[in-house]
Amino acid sequence: MLQIAEKTIDYPKFTIDGRHFVDTFLLAQFYDVGMRTLSGFERADVARHFGFCDREELSALTGEELQRAYIGNDERFRQRALCAVRETRSISELLSPSYFIQAQIFPYNYQDAIVRGNATRINALFLREYFRQRHSIPEMPMVRGFEGGYTDIFFTGVARNVWHCDVASLYPSIMLQFDCFPQTDQLQIFRHLLTDLRTFRLEAKAKMRAEKNPVKQRHFHALQNTFKILINSFYGYLGFAQGHFADFDAAARVTQIGRDLLKKMIDWLNGQDAQVIEVDTDGIYFVPPDKIDIDELRKRLGKELPPGIEVEFDEQFDAMFSYKAKNYALLTRNGDVIIKGGALKSRGLEKFQRVFLEEMIKLLMQGKPEAIVDLRNEFEKKIRDRKWKIDMLMKTDTLQDSLEKYRAKIAGSARNRAAAYELALASGRNYRPGEQISYYITGTIKKLAAYENAKLASNFDPQNRDENIDYYIAKLDELVKKFANLKETSTKQETLAL
């Protein structure tokens, strides 16, 4: 069993002397912990996200159509297999190098360096060095709770000319600048490791920004993000119950200083007639005052902060849609849309809903709310005319419980029946927690029990389509109704936007 953020994954671990198995599925899961940008974790989803999918029509070759291509010795089947191998290699080359580097740092092999938790790896470094120096190991600390980072939202609606500022490596910087280290670390291993890894991350981030080659830029992006998670885990280690050198008082001091710094930055920006939109742990989204030199604003804000705490104005956006805390969308300068938060980008939505929501929010941020009606009608027509491949309509759920546990909960009325589990049981396969089931809904009426009308997406036959048109149109209308107030908040906000 492997814990990745809020998910528990039951994965098969293989061991062969002299070889290491690196699962790109797990690499994608760990990548998404920090980025939260992947729409799914199938190979095709990840390859498409990173631009590795050269032939989209081959990735869409699934289910009955794929089976026919195999039986018929269709050239498309061979091309799809070759494409899959190339995509897997590209994903591995992008996401695994940082873990190879970590295998040279931590007392774990390449394979185990990936699946071990960050706090566990950090603890192993401490133990190794203390054993090497024949120094005693302290007793485990008493666990206690403490307040976390600062998050808040000050505005909802659409804002234009939005900047993002943050403190470079906020928690690591605080720990280094204010000596927030474990009291029991008599050899000061914590300070030295954090200093070295923070330097490495900042160098990788600088190379990412300077790099013009998109492939190399993605490499440095993945590298700096992995080490961002790692160095931020030093703060997490302070509150790690199984850490021999954990220090809950030091962890509480770090978050307290972080909250104070961010509130000070917010107060200063408001004092300069800027409009703060949202703050999330280490970053602030805001609209700067009119006719201001942004570099001068950054320099003046930096002077308000203690030495060693460096502020960055790292991104500018044409517009931002602020929905609720930790849920927002950004319109980049080149017209791309970035969506953050489960309320706006839930993997519980079918792909057509996610695409519709993204397009609807983009229209709002572009100042075109009147075009939403046409967008909705366009999506309805494609559903009725069966224009989409099944991947636009299918839903992918991750099994959190074993099938035995699911049966027990159903028998004890502890949960409702779910389509993914019912399909897994009917398949006869021994699905494990962490595995995913993709399915779509059949039938002819819009209100029905999904688990009674679900069908595996792999069994979809494009030559004999049986998706439930009325069901999916009803889901489209539910989404429109849920976000109907977006149009109002957009039009009411023009004074701030302009």
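The values are calculated or read from the model by the stated rules, or taken from the named source; none is laboratory data. Predicted model, so just to flag it, every value in this text is computed and none were measured. Backbone-built Cβ (ideal geometry, glycine too); neighbour counts: all protein chains shown.
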Looking at the stretch 344-372, which of the residues that are under 19 Å from TYR285 (Cα atoms) and outside any helix (DSSP H, G or I) is farthest from the chain's Cα centre (by Cα)? GLN366
Have a look at ILE91, ILE137 and point out the one that is more than 26 Å from PHE200 (Cα to Cα), modelled with pLDDT of 90 or more and β-branched (Val, Ile, Thr). ILE137
Within the stretch 373-388, does at least one residue satisfy the condition of being under 18 Å from GLU42 (Cβ atoms) and either outside any helix (DSSP H, G or I) or touching a Cys at 6+ places or on another chain (Cβ under 6 Å) (or both)? yes
Quick test for you: out of LYS291, LYS326, pick the one residue that is in the same structural domain as LEU261 (by TED's automatic domain parsing), in contact with an Asp or Glu (Cβ under 9 Å, 6 or more places away or on another chain) and on the phi > 0 side of the Ramachandran plot. LYS326
Does LYS228 fit the bill of being charged (D, E, K, R) and in contact (Cβ under 8 Å) with a residue 60 or more places away in the chain? yes
Selection within the stretch 153-183 - of a type in the set (Val, Ile, Thr) and either part of a strand (DSSP E or B) or farther than 23 Å from ASP318 by Cα (or both): ILE153, VAL158, VAL162, VAL167, ILE174
Just to verify a result, which residue in the stretch 446-471, among those that are among the charged types (D, E, K, R), over 17 Å from THR396 (Cα atoms) and touching a residue at least 40 places away in the same chain (Cβ under 8 Å), is surrounded by the fewest Cβ atoms within 10 Å (Cβ to Cβ)? ARG465
Here's a check for you: in the stretch 346-369, which residue that is without any contact (Cβ under 8 Å) to a residue 40 or more places away in the chain and of a type in the set (D, E, K, R) is surrounded by the most Cβ atoms within 10 Å (Cβ to Cβ)? LYS362
Residue count, the stretch 288-314, condition basic (Lys, Arg), loosely packed, with under 10 Cβ neighbours inside 10 Å and modelled with pLDDT of 90 or more, comes to 1
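Provide a single number: the residues in the stretch 295-325 that are more than 25 Å from ILE174 (Cα to Cα) and touching a strand residue (DSSP E or B) at 6+ places or on another chain (Cβ under 7 Å).
Here the count works out to 8.
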